[in-house]
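Asks: Here you go, one structure.
Coordinate-derived values only; no laboratory data. All values derive from a computational prediction rather than experimental measurement. Virtual Cβ from ideal backbone geometry, glycine too; neighbours counted across all protein chains shown.
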Amino acid sequence: MSRDDVAAAQGALLRAVLAGADVPPGFDPEVVRVEAAALLGKRRRIVRDIDPETADALGDRFAELFAEYARGNPRRSGSRFREDAAAFAEWAVEHGHLPRARRRWWRKER
Amino acid sequence: MGEHLGVGIGWRSEIDLTVERMQGVDFVEVVAENIHRDHLPESLRVLRARGLPVLPHAVSLSLGGAEPLDTDRVEHLAAVADLLDAPLVSDHVCFVRAGGLDSGHLMPVPRTRDALEVLVANVTEARSILGRPLALENIAALLEWPDAELTEARFLRELVERTDCLLLVDVANMWANAKNLGADPVALLDGLPLERLAYVHVAGGMEVDGVYHDTHAHAVPQGVLDLLGELCDRVRPPGVLLERDDHYPADTVLADELAAIRAVVDR
């Protein structure tokens, strides 16, 4: 096994816990599910802290919609949580969960 | 063994005044990624002016990651350490980035020879940039890699001995791994090179659906203090630090937790 092999194994595990890819051989699928839920929960808490307005506007649907967004948009290396929060707010608008008028010019992320 | 630190608490901007006012705080730790490399928050300047050690603690170096080390992050940690005139810095034995993705949290590495080689190489490179002692922390994991070749104690021992690092022992993480993975925390304490101990982390958590989550947002369980006691039976720790990151309780509750920690260390 080489550094590349370790990198590939780590990449496969992250794709499973962050993006719903197949569980790599040898891992307990139930434990991988628990890990995925824990990582999603942490990400959701941070995004809510950064942009409580979007979370509040979505109300009871926030958690479910954030999970849907997160599955399709795993965080990229080098990205910031602030960008994640802005991307989620944009996603919510694009998918019709929030009216576009809500986005005000002075909150626009650069 | 690291230099004497005493009892401390994790400095967070949400509790900066609490930490400044609290009795019995001998040192603090700050998350390096939350600090600008060219200027300190006023509260940390106040603490430094009093002579309190402020130790930068990194969470994003991904020292166990098999991709090339992100030296910008290491340089940031070094710059923050310079700004704080810190005697040592720390990060975790984990990876956070792989395959272009960022987990946003500390992920365990496989306990294999190959993964150990990756860590040794990354830590050696990081140390050459940092130019000051680096302490490595054991993490709490919810999952385990298959086909481990080394025990956690052996893995950590070889890592810190080959890279000449210090140990940051988190007894709350050991407690979590005992609950969730069936790990034996006493065997881990017995196998670790505690003569390299820099300081100890203590934190609280909570159990949800049979899984213990090391949240840093709940009270410190008695089991974690008991493990601290086990550690103190083996070595007098240079420092013990309480980590609290969310759902901040009343100042008196935090002060009581620090007092409980001190009682275990001093008994």
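Asks: Under 10 Å, Cα contacts only: if you run a Gaussian network model on chain B, which one of B:42, B:125, B:144 comes out with the highest mean-square fluctuation?
Replies: Result: B:42 has the largest fluctuation of those listed.
Asks: Looking only at other chains, what is the average number of their beta-carbon atoms within 10 angstrom of each beta-carbon in B:209-217?
Replies: The per-residue average across the peptide is 2.
Asks: Okay, moving on. Simple spin-label model, 7 Å along Cα-to-Cβ: residue B:1 to residue B:113 in nm?
Replies: 3.5 nm
Asks: Also, I was wondering about something else. Taking Cα pairs under 8 Å and at least six residues apart, what relative contact order does region B:6-266 come out at, in percent?
Replies: Reported relative contact order: 17 percent.
Asks: Work out the FRET efficiency for residue B:120 and residue B:37 from their Cβ-Cβ distance, taking R0 = 22 Å, and round it to the nearest 0.05.
Replies: 0.25
Asks: Also, quick follow-up: Suppose the chain between residue B:236 and residue B:49 were pulled fully straight at 0.36 nm per residue; how much longer would it get relative to their current alpha carbon spacing?
Replies: Result for the pair: 64.5 nm of gain on full extension.
Asks: Let me ask another. Report relative contact order for region B:1-149 in percent, whole number only (criteria: Cα-Cα under 8 Å, sequence separation at least 6).
Replies: For region B:1-149, the relative contact order is 21 percent.
Asks: Note down the net charge around residue B:7, summing +1 for each Lys or Arg and -1 for each Asp or Glu among other residues with Cβ under 11 Å from its Cβ. Can you show the working numbers first?
Replies: Working: positive: B:262; negative: B:26, B:257, B:266.
Residues near residue B:7 contribute -2 overall.
Asks: Further, regarding this structure: Where is the GNM fluctuation largest for chain B (alpha-carbon springs, 10 angstrom cutoff): B:31, B:253, B:54?
Replies: It is B:253.
Asks: Dividing the alpha-carbon Rg of chain B by 2.2 N^0.38 Å yields what?
Replies: Cα Rg divided by the expected 2.2 N^0.38 Å: 0.94.
Asks: Say we join alpha carbon atoms closer than 10 Å with springs in a Gaussian network model of chain A; which of A:27, A:66, A:88 then has the biggest fluctuation?
Replies: It is A:27.
Asks: OK, next. Where Rh is the Kirkwood radius over the Cα pairs of region A:3-94, the temperature 20 °C and the viscosity 1.002 mPa s, what D in µm²/s does Stokes-Einstein return?
Replies: Numbers: Rh = 14.1 Å.
This corresponds to a translational diffusion coefficient of 152 µm²/s.
Asks: Less than 14 Å Cβ to Cβ from residue B:20, Lys/Arg counted +1 and Asp/Glu -1: what total charge do the surrounding residues give?
Replies: Taking every other residue near residue B:20 into account, the sum is 0.
Asks: Would you tell me the mean number of C-beta atoms belonging to other protein chains that fall within 10 Å of each C-beta in A:25-31, as a whole number?
Replies: 3
Asks: Looking only at other chains, what is the average number of their beta-carbon atoms within 10 angstrom of each beta-carbon in B:61-71?
Replies: Taking all residues of B:61-71 together, the mean is 3.
Asks: Let me ask you something else. Give me the net charge of residue B:197's neighbourhood, meaning all other residues with Cβ under 10 Å from the Cβ of residue B:197; Lys, Arg count +1, Asp, Glu -1.
Replies: Overall, the nearby charge balance is +2.
Asks: Sticking with this structure for a sec: Let's test the formula: R0 of 22 Å, r as the Cβ-Cβ distance of residue A:61 and residue B:211. What FRET efficiency results, to the nearest 0.05?
Replies: Calculated transfer efficiency: 0.30.
Asks: Another question, then. Would you grab the residues whose amide H sits under 5 Å from the one on residue B:95? Only those 5+ places off in sequence or on another chain, please, with H modelled 1.01 Å from N.
Replies: Distant-sequence amide H within range of residue B:95: B:64, B:107, B:109.
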